[in-house]
Amino acid sequence: MSDIYMPRLSDTMEEGVISSWLKKVGDKVASGDVLVEIETDKAVMEYEAYEDGYLVKQSAGEGETVAIGTVIGVIGDSPDAVPDDSGDSGGSDSAAEEEETAPAAQEESTESVPDSSPAPSSGSGAEGGSRPPSSPLARRLAKEHGLDLNDIKGSGPKGRVVRADIEAAAKQQEGQTPAAKSEAPAAPAKQQEAFDDGRDSEEVAITNIRKVIARRLTESKQQVPHFYLRRTIDAEALKAFRADVNTRLADTGVKVSVNDLIVKAAATVLRRHPAVNSSWIGDKLFRHNRVNIGIAVAVDNGLVVPVVHDTDRLPLSEIGQRSRELAGKARDGKLSPKEMSGGTFSVSNLGMLGVDSFSAVINPPEAAILAVGAMKQQAVVRDGEIVARNTISLELSVDHRAVDGAVGAAFLKELAEVLEEPMRIIL
Amino acid sequence: MSVITYRQALRDTLRAEMHRDENVLLLGEEIGVFEGSYKITEGLLKEFGERRVRDTPIAEEGFVGAAIGAAMLGLRPVVELMTINFSLIAIDQIINHAAKIYGMFGGQTSVPLVIRTPGGGGQQLGATHSQNIELFYSFIPGLKVLAPSTPAEAASMLRAAIRDDDPVLFLENLGLYNTKGEVPDDDTTVAEIGRAAVTREGTDITLIGYSRMAMVTSQVAEKLAEDGISVEVVDLRSLRPLDRETIVESVKKTGCAVIAEDDWLTYGIGAEIAASIQEGAFDYLDAPVRRVAMAEVPMPYAKPLETAAMPSAESITTVIHETLSAVGRRVG
């Protein structure tokens with residue numbers, strides 16, 4: 001019998017959501033089998049079994065958020081092994097904790113355990129064990145307020161319910177009771193009354209990824225002094241170059257996009273402008289010797305930035321292939337933490353959505369991000385005449401702590417020149 | 001009201017009691033001509049003469065036994081043991097005679113004896129001279145054990161000890177002798193034996209100590225008040241009888257407790273307090289009772305090691321923060 005714990009799947013992960021269980025209670029499990037998919041703050045990741053046996057318990061149900069180190073399931077030697085709830089202090093502690101986090105899942109799993117032993121076997125733990133850990137004071141107060149401890153999430157060590165949790169729950173209960181009374185019983189009271197301010201709003205459940213986006217971008221906009229450099233490039237040559245490259249790659253099935261060309265060009269130019277390939281962290285400035293370009297990808301529930309590592313060293317075809325692969329994984333929520341970390345510069349492209357130009361928010365600790373607009377025909381003055389040319393608007397957002405205006409401008413200038421003479425991208 | 005040292009409060013009280021009752025006499029090593037190793041008995045030989053201030057041989061078992069006999073015959077001897085460590089030589093007299101005589105012989109005679117003795121580390125006196133073994137005596141029915149933490153308490157509790165008809169171990173502390181505090185002029189207050197005191201009221205957590213630790217806990221509470229943490233400080237004052245009621249009432253109010261003790265943790269006085277708390281205030285506890293005590297080693301001689309081995313304001317503060325954090329108050 002061994003416990004499965006919520007793993008730490010990324011550096012910044014503090015808790016994970018059980019995305020889905022791939023093994024049911026009672027299923028045979030071999031080492032290496034995927035047990036469960038876990039949504040971290042960055043991605044949905046598969047989590048494998050480390051030993052053979054049977055999944056005898058799912059302590060955390062799907063959709064449930066669980067802190068790192070919390071037991072999420074149990075693997076036993078036989079399909080009808082009963083998880084030990086009544087063992088020694090350590091055992092009962094963790095058992096109680098499991099149940100606290102997942103009362104529903106617990107009921108389900110005990111039900112589905114084949115009835116090889118009569119009820120009392122789990123009964124000894126049923127009274128004491130099915131109760132979440134709680135301080136004596138919390139238990140007494142819960143009784144006084146008529147609250148069920150199972151409904152209360154403990155904020156103490158190991159999820160212990162303490163006085164503060166009961167007081168908060170009692171307050172909430174008080175707040176809700178009069179409202180429920182005053183409203184017609186037919187209309188089920190919406191939970192988010194606090195936001196019901198005439199806008200007919202309802203709270204949307206947020207994912208971990210959403211939370212991380214909110215936190216990181218707020219930090220970026222609040223802490224990173226952004227400045228912006230804009231430049232429009234003539235994209236005729238780029239367009240022709242792309243067509244030429246794709247013709248040559250036709251046999252391989254690989255296609256290169258304008259964005260791939262821009263990513264590769266940015267990597268090549270960054271190599272010559274190392275000051276832009278840097279990070280201001282704390283009060284230290286780091287210059288990165290690798291050029292790893294992150295590519296912003298819109299996904300269903302937010303935005304992720306998979307990283308093409310050593311972008312400057314990869315052939316164009318490989319960048320195309322790699323970025324397609326990463327974008328696919330991103331949409332499926334299957335990016336690994338490694339595939340999302342280590343970026344030194346980012347490219348965000350909203351051109352396909354018809355955006356002319358925009359100012360992107362820097363993805364810390366990178367020092368700059370390039371916002372790419374749509375390729376479109378514009379009337380431009382060329383050799384004294386107004387002609388229609390394909391153009392692309394580029395806007396570079398720069399962290400002024402790491403990079404000064406002229407340095408950023410020199411980078412953007414060369415990037416524009418390279419893109420206008422695209423053979424230089426691969427030279 | 002005047003501000004005097006703990007040492008001075010003891011000396012003044014001894015003198016006053018000797019004036020009040022001619023049956024009060026002092027016995028101990030170097031208390032007369034040398035005026036006491038810690039100068040508690042300074043001037044008393046001159047004032048009261050050799051009959052009432054008796055220098056003894058270095059033979060604790062002998063002079064404690066003599067004092068017990070004197071007490072049985074109606075005198076009120078106050079013995080000074082140079083440090084509590086030396087009580088070990090007299091422990092048979094204290095435990096098997098002083099503590100037992102009243103009960104074993106059907107109450108024919110009581111033993112109105114006081115044994116004054118300082119405990120405490122922090123003076124670089126080494127492992128054998130730095131102990132806090134009041135626990136040994138607090139364990140024994142038939143004894144009373146008092147442990148005042150301030151000059152005023154030292155005075156009123158010494159008065160109570162001398163006037164009590166039972167044998168009293170009166171615990172002083174090397175670290176308290178030079179501390180100062182207000183003592184009422186012409187004070188004749190006699191402390192009630194067996195009462196703890198809430199020396200500072202608070203609502204967030206109960207902090208329990210005695211003797212030197214009662215002083216440290218007060219300082220910790222004062223410091224934490226600056227951070228908005230309201231600590232209730234309980235000074236046990238009497239280790240036997242133990243005032244469980246005051247402890248329990250305080251914990252019922254605050255929901256959590258930290259005990260600071262100048263002795264070893266295992267089987268220590270804090271263990272008894274913690275047990276009393278769970279017996280009396282179980283349904284009021286919001287967090288496990290925590291104890292801060294000495295490292296489980298013979299006291300090191302080297303100063304940094306000695307300091308590290310002793311409970312400190314910092315270690316107490318840390319445990320308070322941890323306890324408050326466990327009940328949902330994120331502080332510090």
Expected output for region A:134-145 (first residue under 16 Å from A:P157 (Cα atoms) and within 7 Å of another protein chain (Cβ to nearest Cβ), partner surrounded by fewer than 17 Cβ atoms within 10 Å (Cβ to Cβ) and acidic (D, E), Cβ below 8 Å, 6+ apart or cross-chain) is A:P136/B:D283; A:L137/B:D283
Flagged in region B:278-308 as surrounded by fewer than 18 Cβ atoms within 10 Å (Cβ to Cβ), assigned to a helix (DSSP H, G or I), away from chain A (no Cβ under 14 Å) and not polar (S, T, N, Q), in numbering order, are B:K303, B:P304, B:L305, B:A308
- request: Test A:D260 against the stated conditions and say whether it is farther than 17 Å from A:G351 by Cβ and touching a helix residue (DSSP H, G or I) at 6+ places or on another chain (Cβ under 6 Å).
  value: no
Only one of A:V245, A:V269, A:V276, A:V212 is surrounded by 12 or more Cβ atoms within 10 Å (Cβ to Cβ), assigned to a helix (DSSP H, G or I) and modelled with pLDDT of 95 or more, namely A:V269
Flagged in region B:76-88 as touching a Ser or Thr at 6+ places or on another chain (Cβ under 7 Å) and either in a helix (DSSP H, G or I) or surrounded by fewer than 18 Cβ atoms within 10 Å (Cβ to Cβ) (or both), in numbering order, are B:I84, B:N85, B:S87
Checked against (1) outside any strand (DSSP E or B); (2) within 21 Å of B:V233 (Cβ to Cβ); (3) at pLDDT 95 or above, B:L171 satisfies every condition except (1)
Those residues of region A:370-387 which are buried (at least 22 other Cβ atoms within 10 Å of the Cβ) and in contact (Cβ under 8 Å) with a residue 40 or more places away in the chain amount to A:L370, A:V372
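Here is a yes/no grid of residues against (1) modelled with pLDDT of 85 or more; (2) closer than 25 Å to A:V305 by Cα:
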residue: A:A43; (1), (2): no, yes
residue: A:E51; (1), (2): no, no
residue: A:Y54; (1), (2): yes, no
residue: A:G61; (1), (2): yes, no
residue: A:G69; (1), (2): no, no
A:V258 meets each of (1) β-branched (V, I, T); (2) surrounded by fewer than 19 Cβ atoms within 10 Å (Cβ to Cβ); (3) modelled with pLDDT of 90 or more with one exception, condition (2)
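Every residue, every condition in (1) more than 28 Å from B:A197 (Cα to Cα); (2) part of a loop (DSSP other than H, G, I, E, B); (3) touching a helix residue (DSSP H, G or I) at 6+ places or on another chain (Cβ under 7 Å), yes or no:
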position: B:G74; (1), (2), (3): yes, yes, no
position: B:A90; (1), (2), (3): yes, no, yes
position: B:H97; (1), (2), (3): yes, no, yes
position: B:V111; (1), (2), (3): no, yes, yes
position: B:G121; (1), (2), (3): no, yes, yes
position: B:T128; (1), (2), (3): yes, no, yes
position: B:L135; (1), (2), (3): no, no, yes
Test for B:E192: is it free of Cβ contacts under 8 Å to residues at least 40 places away in the same chain, under 30 Å from B:A308 (Cα atoms) and surrounded by fewer than 24 Cβ atoms within 10 Å (Cβ to Cβ):
no
All conditions in (1) outside any loop (DSSP other than H, G, I, E, B); (2) buried (at least 17 other Cβ atoms within 10 Å of the Cβ) are true of B:T41 except (1)
Those residues of region B:249-276 that are within 11 Å of chain A (Cβ to nearest Cβ) and free of Cβ contacts under 8 Å to residues at least 40 places away in the same chain come to a total of 1
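The values are calculated or read from the model by the stated rules, or taken from the named source; none is laboratory data. Keep in mind that what you see is a predicted model, and the values were worked out from it rather than measured. Positions of Cβ are backbone-derived with ideal geometry, glycine not excepted, and every protein chain shown enters the neighbour counts.
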